[in-house]
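S.K.: The structure's right below; bear with me while I get my questions together.
No lab work stands behind these numbers, since they all come straight from the coordinates. Predicted, not measured: the structure shown is a model, and the values here were computed from it. Quick reminder, even Gly has a Cβ in these numbers, built from the backbone with ideal geometry, and neighbours come from all protein chains shown.
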Amino acid sequence: MSLLRISNLTKKYYLPSGKERTVLSNASYTFPNNGLVSIFGKSGSGKSTLLNLIALLDEPTNGVVYFNDENIFRYSIKQKNDYRNKEIGIIFQQPNLLENYSALFNITLPALISEKSVKEAEILGKNLLKSINFNEKLYLKKCKDLSGGEKERVNILRALINNPKIIICDEPTGSLDYQNSLLIMDILKDVSKNRLVILVSHNAYLVNKYSDVVLFIEQGVLKT
C-alpha cells in the first residue's frame, strides 16, 4: 500500500477578468513511503499549490490525493483535522511562531492540541530538542529572542512533535544564510530516514545535494 499518491490533480483559478488560470494540471505521482522528495521549479510554477492540496489547505478543481489509499477530500471534518494534526507536519517558509512564548511551548503546541497532557508534551518536546543538540537555555527563551536559524529549528520540531508520517516543507531555507540552510537540510535529511519528507525549493544546489527523488514543475505540469 502506498502512503501517499496523487492522481490527476488540477487546480484552476478564475481571474477578476473572468479568464481561467490553471496553476496545476493533471499531476499524478506515487510517493515513496520514506525519503526526501524535492519538488523543484520556478516561482509561480505550482509548487506551493501542490503542497497545499496534499496538506488539505486547499481543494482541487479535479483529481484526488490518496493517503493510505483513502481520498482525503472525502474525509469528515474530524478526519481532516486529525490528518492535518497527526498524519502530516507542515513546515512553512515563515515559522509563524508565537513570538512571546518559549521555543519549548511552540514546539509542544500541536501535542497539546491533540490532547496530550502538558507533562507528556514537554517530555516529547525536550527529547526532540536534545536530539538536535538545542541548548536548554535557548529553548526556554521567548521565540522573539531567537535567531532565524534557531526559529527554523523550532519550526521543524513543532512539525515533528506528533510523529507524523509525512513532513511537508515549503522553502524552509528561503530566508536563511548558507550555513543555517545546510544545518536545516541536514536535520530534514535525517528525519527522512523513517518518514516521507516533501520539500519545495528553487535552490538547485540544496535539491541536488540532499534529495532522494527530484520532481520538476513547469507551468503547472509535474514531471518525474
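S.K.: So which aspartates and glutamates can Lys223 reach, going by Cα to Cα under 18 Å and dropping same-chain residues fewer than 8 places off?
M.R.: Straight-line reach from Lys223, under 18 Å: Asp212.
S.K.: In addition: Tabulate in residue order the Karplus-calculated ³J(HN,Hα) for segment 154-168, using 6.51 cos²θ - 1.76 cosθ + 1.60 with θ = phi - 60°, rounded to whole Hz; enter x for Gly and Pro.
M.R.: The phi angles translate into 4, 4, 5, 5, 4, 6, 8, 4, 9, 6, x, 7, 10, 10, 10 Hz.
S.K.: So which of Lys116/Lys193; Lys78/Lys193; Lys130/Lys151; Lys165/Lys189 end up more than 20 Å apart, counting from Cα to Cα?
M.R.: With Cα atoms farther than 20 Å apart: Lys116/Lys193; Lys78/Lys193.
S.K.: Using each residue's phi in segment 107-123, evaluate 6.51 cos²θ - 1.76 cosθ + 1.60 at θ = phi - 60° and report the 3J(HN,Hα) Karplus result to the nearest Hz, with x for Gly and Pro.
M.R.: So the Karplus estimates, Gly and Pro as x, are 5, 7, 4, x, 5, 5, 5, 7, 6, 6, 5, 4, 4, 5, 5, 5, 4 Hz.
S.K.: Also: Where both partners of a DSSP beta bridge lie in the chain, what percent of those bridges are antiparallel, to the nearest 5?
M.R.: 50 percent
S.K.: Provide Phe92, Phe105 in ascending order of the number of other Cβ atoms located within 10 Å of each residue's Cβ, fewest first.
M.R.: The most exposed by this proxy come first: Phe92, Phe105.
S.K.: I would also like to ask the following. Would you work out which of Asn133, Pro60, Val37 lies farthest towards the positive end of the dipole of the chain? Charges go on Cβ: Lys and Arg +1, Asp and Glu -1.
M.R.: So the residue furthest toward the plus end is Pro60.
S.K.: Based on the mean of other Cβ atoms within 10 Å per residue, sort peptides 183-190, 19-26 so the most packed one is first.
M.R.: The peptides rank, most packed first, as 183-190, 19-26.
S.K.: A follow-up question, please. Quick one: net charge around Ile113, please, counting Lys, Arg +1 and Asp, Glu -1 for every other residue with C-beta under 12 Å from its C-beta.
M.R.: +2
S.K.: What does the net charge come to around Ser102 if you take all other residues with beta carbon closer than 15 Å to its beta carbon, with K and R at +1 and D and E at -1?
M.R.: Overall, the nearby charge balance is +3.
S.K.: Ranked by Cβ crowding within 10 angstrom, fewest neighbours first, how are Leu199, Leu15, Leu36, Leu124 ordered?
M.R.: Result, fewest neighbours first: Leu15, Leu124, Leu36, Leu199.
S.K.: So how much slack lies between Gln179 and Thr30, counting 0.36 nm per residue of separation and subtracting their Cα-Cα distance, in nm?
M.R.: Contour length minus Cα-Cα distance gives 50.4 nm.
S.K.: Between Ser43, Ser147, Ser28, find the one with the highest GNM mean-square fluctuation for the chain; connect C-alpha pairs within less than 10 Å.
M.R.: Maximum among the listed residues: Ser147.
S.K.: Rg and Dmax of the chain over Cα atoms: what are they, in angstrom?
M.R.: According to the Cα coordinates of the chain, Rg and Dmax are 17.6, 55 Å.
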